[in-house]
Amino acid sequence: MYKFLIKGGKLLNGKVKVSGSKNASLPIIFAAILTEDAVISNVPDLRDTRTAISLLKDMGFEAEFDNNKLHVMKGKRIKTEADYELVRTMRASVLTLGPLLARFGKARVSLPGGCAIGARPVDLHLKALSKLGADIKIEHGYINAVASNGLKGAEIVFDFPTVGGTENLLMAAVLAKGKTIIMNAAKEPEIVDLARALKRAGAIIEGEGTDTIEVEGVDSIGPINYTVMPDRIEAGTFVACVAAAGGEVIIEEFPHDVLGAVIDKFKDAGVVIEKIDNKTAFVKSEGKLRGTDITTEVYPGFPTDMQAQFMAVMCLADGVSVIKETIFENRFQHVLELQRLGADIKIDGNTAIVRGVDRLIGAKVMATDLRASASLVVAGLAAENTTEIYRIYHLERGYENLEMKLSFLGADIEKVKSDRPY
C-alpha cells in the first residue's frame, strides 16, 4: 500500500493537461460488448478502467490497452457473466447488464460494490430493463437476466434522473426491436459522450443531453471508433488545487462547456478563471478567498463529485460557507479528516457549515472514497508542514498520475510506501 506525503505552502505554476474522463470511459468500454470491434482513445489509465478491461477479458473479449488507447475485439467464446471478484470493487460494472442482454439475450452480473458514499440502488436499472422484456431475478448476490425473445422497445419513465440507469438502458435499447423512449433521463455530459460513440457506430439516437432520449433499435452496429471527452471533475479538481495553494496555471483540455456551475462558484469565491480558447483555461488565485455557498444538483447543477474539493477550498476562505449535499446521503466522510487539519466544519443533516480559518496544519489523514481523497490533496497543498494521506488507492480509481501532474506544477507531493497495512 502507498500514501501521499505533501509539504504544503508551495504556489502552483505552469501547465497541466486534463486526462480523459473516467465516467465517460467506463460505459463506452462496456459498449464494446455490443459490437465486433472497438477502438477507444483518450482512456485514462486508472484502477477502474483497468478493472473494466479485466472484466471484458474475463468474459472472453480480447483487449489491448496501450498509451491511453483501448482496442476491444469479440473473442471466440463469450461468457455472459460479470464475476463478483471483479465487480465488487467498481459499481460501474453493472453497466455490463444492458449490453449483454441486448447482444446475447442473457446476463449474470454480480451486485456491485464501490465507494461507500451512500445507497446507489440498481433497482431503477432493473425495472427499466424489465419493461424492455427482460426476465430478471436476484439470487445469491447476482442479477440473473434473460431476454429469450430479444428486447423490445418501450416507453420508460425513470423515478428520478439516474446516470447509470440511463446509460444501461441506452445501450440495451440500441439493439432492441422498435423504438425506446427514455423519459426523465439523466443529462450528464458523459451520457452524451456514450450516445455519440454509439451513433458513430450506427446506432440511431436522438435527444441525448435532454430529459427525453429516443432510440430506434437496429439489428447490429458497426465498429466503435471514438475519442473520450476530457474529465470535467479532474479539471475542476485542478481549479480547486490552484484556488487553495495559490499560483497561476494553464489547464489544457479544459471542458468549459460542461463546467459552467463549477466555474461560476469558483469565480464567486474570488478565483480568476479565463477562457483562452475552447480547450484551454487560465486559472489564478491570490490573496484571501470569499466564503461561497453551494448545493449539489444533477447536471447542469453543481456536481456532487466536486463537493468535497470545493469544501476543502472553503476551509480557508473568509466568512461562512454553506454546503448542501442533495445527491448522496453519506458524502461528508471527508469532514472528519479535514477537521484533523484544523478545518472548522459543522454538520447538520445534509448540510455542512464551513467557517474559514487562517491556516490548516498538516496531519495524518485517511481517504474514505474517491472524491474525499481529492479533497485531502487540495487541503494538503495549502496546509503548513506535512500532510500524510493514507488509502490513496481510492484516489487512483479516478485520477491519472495526479501526484506527477501536481509535481510538475511545483507542488511538493510524493507517493511512498505506507507504514500502515492499508
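Going by how many other beta carbons lie within 10 Å of each one, how would you line up MET306, MET229, fewest first?
On the way: MET306 26, MET229 23.
If I rank by nearby Cβ atoms, fewest first, I get MET229, MET306.
For the range 22-227, max minus min Cα coordinate along each principal axis, in Å, sorted largest first?
40, 38, 35
If you line up the long axis of helix 22-31 against the longest principal axis of the chain, both from Cα atoms, how many degrees apart are they, to the nearest 10?
10
If I take R0 = 25 Å and measure r between the Cβ atoms of MET183 and ASP264 in this structure, what FRET efficiency does the formula 1/(1 + (r/R0)^6) give, to the nearest 0.05? If you can, show how the numbers build up before the last one.
Numbers: r = 29 Å, r/R0 = 1.15.
Calculated value: 0.30.
How charged is the neighbourhood of ASP318? Take every other residue with its Cβ under 15 Å from the Cβ of ASP318, and add Lys/Arg as +1 and Asp/Glu as -1. Write out the running numbers ahead of the final one.
Working: positive: LYS288, ARG290, ARG355, ARG359; negative: ASP268, GLU286, ASP293, ASP344, ASP358.
Here the charged neighbours net out to -1.
Could you please report the charge total around GLN309, scoring K, R as +1 and D, E as -1 over all other residues with beta-carbon less than 14 angstrom from its beta-carbon?
On the way: positive: ARG232, LYS265, ARG331, ARG371; negative: ASP231, GLU234, ASP305, GLU325, GLU337, ASP369.
Net local charge, GLN309 excluded: -2.
Using a cut-off of 20 Å between alpha-carbon atoms, which lysines can reach LYS275, once sequence neighbours fewer than 8 places away in the same chain are excluded?
Filter leaves LYS15, LYS17, LYS265, LYS267, LYS284.
Pull up the cross-link candidates among the lysines for LYS3, meaning alpha carbon to alpha carbon under 17 Å and not fewer than 8 places away within one chain.
LYS3 reaches LYS364, LYS405, LYS415, LYS417.
Roughly speaking, what is the centre-to-centre gap between the range 323-366 and the range 129-174 when only Cα atoms are used, to the nearest Å?
Centre-to-centre (Cα) distance: 38 Å.
With the cut-off at 28 Å, tell me which of the pairs LYS127/LYS324; LYS127/LYS199; LYS10/LYS69 have Cα atoms farther apart than that.
Where the Cα-Cα span goes over 28 Å, the pairs concerned are LYS127/LYS324; LYS10/LYS69.
From the alpha carbon gyration tensor of the chain, can you work out the equivalent ellipsoid semi-axes (sqrt of 5 times each eigenvalue) and give them in Å, largest to smallest? Intermediate values should be presented prior to the final figure.
Working: eigenvalues 290, 89, 83 Å².
The equivalent ellipsoid of the chain has semi-axes of 38, 21, 20 Å.
Quick note: the coordinates plus some simple rules give every number you see, no bench work behind them. What you see is a predicted model, and the numbers here were worked out from it, not measured in a lab. When we count neighbours, we look across all protein chains shown, and the Cβ atoms used for this are built from the backbone with ideal geometry, even at glycine.
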